[in-house]
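Working notes, beginning with the structure itself.
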Amino acid sequence: MARVYGTMQTALVTCREELEVFGKTTQIDNIITVDWHMPCSFEPFLYAICIGKTRASYNLIKKSKCFVVNFIPFTLKDAAWFCGRHSGMHHDKFKEAKLTKIESNHLDCPKIKEAIGYIECNVINEIETGDHVIFVGEVTHQELKSDEKRLFHNGENLFMTTQ
Ligand SMILES: Cc1cc2nc3c(=O)[nH]c(=O)nc-3n(C[C@H](O)[C@H](O)[C@H](O)COP(=O)(O)O)c2cc1C
């Protein structure tokens, strides 16, 4: 069933941190699919993402204090679905979703080459809501590469784009 609060633009948030896995320090580069994201100040330019406390990405962003919002074309629908249904604790989502990893302009954080645009952020605030946390990011770089049709989500596996 469609959601009562309607259609939202789906984005992929990328993040990086070092984690202790079985006593070994490993660098994790991860991707999480998000519908809950928004600009929240012009001056300074701030952008917020809302991340569930159970997500692997929650721990990564809480520690690294940075993230990139990758705005994606409709053609990446299957990759977005994959990244939204699998945990970065058990999957290399760049590899498995066949997305190309590139480095951010101003952060020690990966981003996705196939995206149509980016917002790169340093976390300046965290707001506990209920089971999610809003990470408020100060934008260090923004870039729009193309005007390809974007991916929108209306609940479950119902995706669409503009005409
Ligand atoms: C279309 C779509 C939108 C989603 N939006 C959000 C979101 O805004 N915030 C969130 O915490 N999880 C969201 N999720 C769920 C996460 O993407 C999912 O739990 C993911 O597996 C978490 O990955 P991680 O454990 O590697 O961080 C969404 C999933 C889908 C499919």
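The selection criterion, being touching a residue at least 40 places away in the same chain (Cβ under 8 Å) and over 18 Å from Asp35 (Cα atoms), holds for Asn59.
Annotation: Thr26 fulfils all but one of (1) outside any helix (DSSP H, G or I); (2) open to solvent by 40 Å² or more (accessible area, probe 1.4 Å); (3) within 13 Å of the ligand (Cβ to nearest atom); the unmet one is (3).
Checking each residue in the range 35-70 for being crowded, with 16+ Cβ neighbours inside 10 Å and of a type in the set (Ser, Thr, Tyr) picks out Tyr47, Ser57, Tyr58, Ser64. Scan the range 3-23 for residues that are open to solvent by 30 Å² or more (accessible area, probe 1.4 Å) and part of a strand (DSSP E or B) and the total you get is 7.
Just one of the listed residues (Ile61, Ile31) is under 13 Å from Thr14 (Cα atoms), at pLDDT 95 or above and not in a strand (DSSP E or B), and it is Ile61. Scanning the range 119-133 for residues that are of a type outside the set (A, V, I, L, M), over 17 Å from Ser41 (Cα atoms) and touching a residue at least 40 places away in the same chain (Cβ under 8 Å) returns Thr129, Asp131, His132.
What do you reckon, is Tyr58 under 24 Å from Ile124 (Cβ atoms), within 8 Å of the ligand (Cβ to nearest atom) and not hydrophobic (A, V, I, L, M, F, W, C)? So Tyr58 fits the description; yes. Of the strands (runs of 3 or more DSSP E) lying entirely inside the range 98-163, those containing at least 3 residues that are within 13 Å of the chain's Cα centre (by Cα) are 110-112, 117-128, 132-144. Taking the range 19-31 as the range and being more than 14 Å from the chain's Cα centre (by Cα), within 24 Å of Ala79 (Cα to Cα) and touching a residue at least 12 places away in the same chain (Cβ under 8 Å) as the test, only Ile28 passes. For the range 70-92, a residue qualifies if it is part of a helix (DSSP H, G or I) and within 12 Å of the chain's Cα centre (by Cα), and the qualifying residues are Ala80, Cys83. Scanning the range 8-27 for residues that are modelled with pLDDT of 95 or more and out of contact with any Ser or Thr (no Cβ under 7 Å at 6 or more places or on another chain), we see that the one that is nearest to Glu156 (Cα to Cα) is Met8.
The C-beta contact set for the range 37-55 (first residue in a strand (DSSP E or B), second residue open to solvent by 80 Å² or more (accessible area, probe 1.4 Å) and within 7 Å of the ligand (Cβ to nearest atom), distance under 9 angstrom, 6+ apart or interchain) comprises Ala48/Trp36; Ile49/Trp36; Cys50/Trp36; Ile51/Trp36.
The values are calculated or read from the model by the stated rules, or taken from the named source; none is laboratory data. Every value quoted in this text rests on a predicted model; they were computed, and no experiment measured them. Every residue, glycine as well, gets a Cβ built from its backbone with ideal geometry; the counts of neighbours run over all protein chains shown. Remember, those area values only see protein heavy atoms, side chains included, never the ligands or the DNA or RNA. Shrake-Rupley method; radii C 1.70, N 1.55, O 1.52, S 1.80 Å.
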